[in-house]
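Heads up, the thing below is written out as structure tokens.
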Amino acid sequence: MKSLVKPSHLNKGDLIATISPCNGWAGDANVRWKYDLGVSRLEALGLRVVAAPNSMRGSKYLSKNPKARAEDIMWAFENKEVRAIIANIGGNDSLKVIPFIDPKVIMDNPKIFIGYSDVMYLHFLCYHCGLSTFYGDNLLTTIADQAGWHEYGKNLFVKTLFDPAPIGMIEAAKEWAFESSDLYDPKKIREFIPNEGYEIIQGSGCVSGRLIGGHTGIMDLEGTDIEPDPEDYDGALLFVEDIPEFFDEEGVRTYFEYLGQKGILQRINGIVIGKTIDNNAFSNRAELIRQIVAKYSREIPILYGLNFGHSAPICIMPYGARAEIDCDNKTFSIKESGVI
């Protein structure tokens, strides 16, 4: 894996920019309340918040104007006062934004960039530019949750982005929700249920590696300028989160066969899989994963049930940070800081 630049940590009083690189819902009249709620929670941490110039122009405008979304990304990176950038929400077409972004803007202005889901493609653009970014909170879906910003996720947000010390053990959340966060009804509260913790799909002992991953949309990067090189997976820990349309048994089969055929399974040291957005047993998918991995690779450790991605609450995965799976104790830890 290439060496990545870590961004500087946050301090109280710093300015964080909100952007809409994927979907423009944050600017829609019936969603604006949720954006304002998320902003108030960032301000409660002592941060100042600014919306990028085009980010609140609404979903209809932004869906037709990927260049405007790209201009916001470059504006946020170039703005010397902005210390961090957070995506309002994911979507499904951020790949359209990438051709309009000058990579030199990112290379010359390293700073915190955080988001998940469709934001993954922008993380790989930043990876291509040599910047370590953060697969974690989107403003609308986790920070602005109607039930409150879950203490598990809020504490890890602060630990990961404000503290230059090693992040350390990532405990399983005591409770979780698989229901999506509602964008429109302020009174809609997700149900949180007890969390059973992590499962070891296969493997024993401890294994470490630098973090890289996202979701099954990595397959869509094939043939693009930001497709990772095979060497980028050497000795890595691959993290994979559930997107419900693509992580049923057939989706799991397609994705893990792809990893084998591309030689990725043969290069990585282990895999961590986020909790799926359903309350069904993972056993059938786990067996399928074991069968496919056995075709291509040694018995690499695989841990399931990490709290990140589309379920709630979530932790944050810093690209390029060294992490460890301890199969015998069913633990996961990030052994270094995400920021300097």
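The values are calculated or read from the model by the stated rules, or taken from the named source; none is laboratory data. This structure is a prediction, so every number in the text was calculated from the model and none was measured. Here the Cβ is made from the backbone with ideal geometry for all residues, glycine too, and neighbour counts use every protein chain on show. What goes into the accessible areas is simple: the full protein's heavy atoms, side chains included, and nothing from ligands, DNA or RNA. Shrake-Rupley method; radii C 1.70, N 1.55, O 1.52, S 1.80 Å.
Odds and ends about this structure:
- Accessible carbon and sulfur surface of region 129-196 relative to its total accessible area, %, 1.4 Å: 54 percent
- Annotation: per residue accessible area for region 203-270 equals 39 Å², rounded to a whole number [probe 1.4 Å, protein chains only].
- Separation of the Glu257 and Asp102 label points, Cα + 7 Å toward Cβ, nm: 4.4 nm
- Entry comment: accessible area of region 43-131 is 39 Å² per residue, from protein heavy atoms only and a probe of 1.4 Å.
- Amide H to amide H distances under 5 Å link Tyr135 with Met317, Tyr319, where only residues 5 or more positions off or on other chains count and H is placed in the peptide plane.
- Selected from Asn307, Ala294, Ile277, residue furthest toward positive end of dipole (region 263-340; charges at beta carbon): Ala294
- Sparse packing (at most 11 other Cβ atoms within 10 Å of the Cβ) combined with a DSSP loop state is found for the following GluC sites (Glu not before Pro) in region 245-340: Glu299.
- Cα point-scatterer Debye curve for region 1-125, base-10 log of I(q)/I(0) at q = 0.09 Å⁻¹: -0.23
- Interchain or long-range residues, amide H under 5 Å from His9's placed H: Ile340
- Convex hull volume per residue in cubic angstrom - Cα atoms of region 145-239: 187 Å³
- When you count the other C-beta atoms within 10 angstrom of each residue and take the mean per peptide, 231-241, 58-68 line up highest first as 231-241, 58-68.
- Ellipticity at 222 nm from helices only: DSSP H runs of n ≥ 4 in the chain, each -39500 (n - 2.57), divided by the residue count, give -7500 deg cm²/dmol.
- Taking amide H as placed 1.01 Å from N in the peptide plane, the amide H of Thr331 sits under 5 Å from that of Asp326, each at least 5 places away or on another chain.
- If you model region 261-314 as an ellipsoid using its alpha carbon gyration tensor, with each semi-axis the square root of five times an eigenvalue, the axes come out at 23, 13, 8 Å, biggest first.
- Positive minus negative residues near Ala321 (Lys, Arg vs Asp, Glu; Cβ under 10 Å): +3
- Region 285-327: trypsin sites (Lys or Arg not before Pro) in DSSP coil with no more than 10 other Cβ atoms inside 10 Å: Arg298
- Share of Cα-Cα pairs in region 242-340 lying beyond 16 Å, as whole percent: 61 percent
- Modelled this way, with points 7 Å down the Cα-to-C-beta line, the labels at Ser40 and Glu191 are 2.7 nm from one another.
- For region 244-251, the Karplus equation 6.51 cos²θ - 1.76 cosθ + 1.60, evaluated at θ = phi - 60°, returns couplings of x, 5, 10, 10, 6, 4, 5, x Hz by residue, with Gly and Pro reported as x.
- Considering only beta bridges that DSSP places wholly inside the chain, some 40 percent are antiparallel.
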